[in-house]
1. Please arrange Thr3, Thr157, Thr110 by how many other C-beta atoms lie within 10 Å of their C-beta, fewest to most.
2. Over 22 Å between Cα atoms: which of Lys38/Lys107; Lys87/Lys145; Lys9/Lys144; Lys9/Lys30 fall into that group?
3. Figure the gain on full extension for Asp178 and Arg192 (residue separation times 0.36 nm, minus the Cα-Cα span) and round it to one decimal in nm.
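Rule-based calculations on the coordinates, nothing more; no lab input. These numbers come from a predicted model, not from an experiment. Methodologically, a virtual Cβ is constructed for each residue, glycine included, from the backbone with ideal geometry; neighbour enumeration extends over all protein chains shown.
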Amino acid sequence: MSTVISQQKQFVFIHINKSGGTSITSLLGKYEEWRVAKHLFRAVERRYLKRKYKTFACCGQYFVGNHASAMMVRKLLGEERFNSYYKFAVVRNPWDREVSRYFYARKTPTHSHHQLASRLEFAEFVKRRSDKATRRDVSSYQFKKVSDGGGNLIVDTIVHLENLAEEIIPVFSRIGVDQSLLVPQLNRSRHRPYQDYYDDESIELVRYFACEDIERFGYHFENSIR
C-alpha cells in the first residue's frame with residue numbers, strides 16, 4: 001500500500017510504514033485516479049527499484065512510490081497545489097512500531113531485516129538496528145515523513161494510531177468519506193503488548209533514535225504494564 005493522492009477529493013494521505021496506513025489506504029485508494037496503473041507502478045518500484053520512492057507526473061496524473069514523504073509529494077505537485085490539498089498521516093508509538101517492524105521482518109523473507117530479525121530476539125534486534133550500519137534509512141522515522149528540511153510540519157492533520165477510531169472521524173468528514181466505515185486492521189503483526197519485549201537498554205535506544213517522533217507526537221513508554 002502507498003501514499004495516496006486524490007485529485008477528485010483533493011487530499012493527500014502520507015502512508016508511513018508500520019503505522020497502520022495499510023488500513024487507511026484500503027479505504028481511500030478507490031479515490032485515487034488511475035488506480036490500477038499506479039498500483040502496478042508501485043509494485044515495480046518496490047520490487048525492482050529497491051524502494052527509492054520515485055515520483056513522476058504523466059498525463060496529468062501523479063505517481064508516487066510506496067511510503068513517499070510529504071516533501072516528495074510537495075515537489076511533485078508543486079507548492080500551490082500541495083498547499084491547496086488536505087494532507088494527513090497516521091503515526092504510531094515508536095516502541096510499539098519497532099515491535100511491529102520486528103515481527104513483520106521475521107515473517108517476510110523479502111524484508112531487508114528478515115535475516116537479522118530471524119536470528120535475534122527482539123531486544124538484540126533493536127540494539128543492532130541502533131548501530132549506524134543498520135540505521136542508514138533515517139527517512140523511515142515518522143516525523144521526517146511529514147516535515148520539511150527545516151523541521152516544520154507540512155501536513156494538516158496527524159492521527160495517532162492508538163486513537164484511530166476517534167481521530168479519523170473528522171478526517172473522513174473533511175475529505176467527504178463515509179464516517180460509518182470501519183477501518184480494517186490489515187497487515188497487522190500479531191504479538192503480545194509491546195512492553196513485554198523490552199529491557200531497559202532497548203527502551204532507551206528507541207528513546208534515542210526516535211527522539212523526534214517521541215517529542216513531536218507526544219509519545220512515551222507505557223511502563224505500567226511491565
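1. On the way: Thr3 27, Thr157 16, Thr110 8.
Going from least to most buried by this count: Thr110, Thr157, Thr3.
2. Details: Lys38/Lys107 26 Å; Lys87/Lys145 12 Å; Lys9/Lys144 25 Å; Lys9/Lys30 11 Å.
Result: Lys38/Lys107; Lys9/Lys144 exceed 22 Å.
3. 1.8 nm
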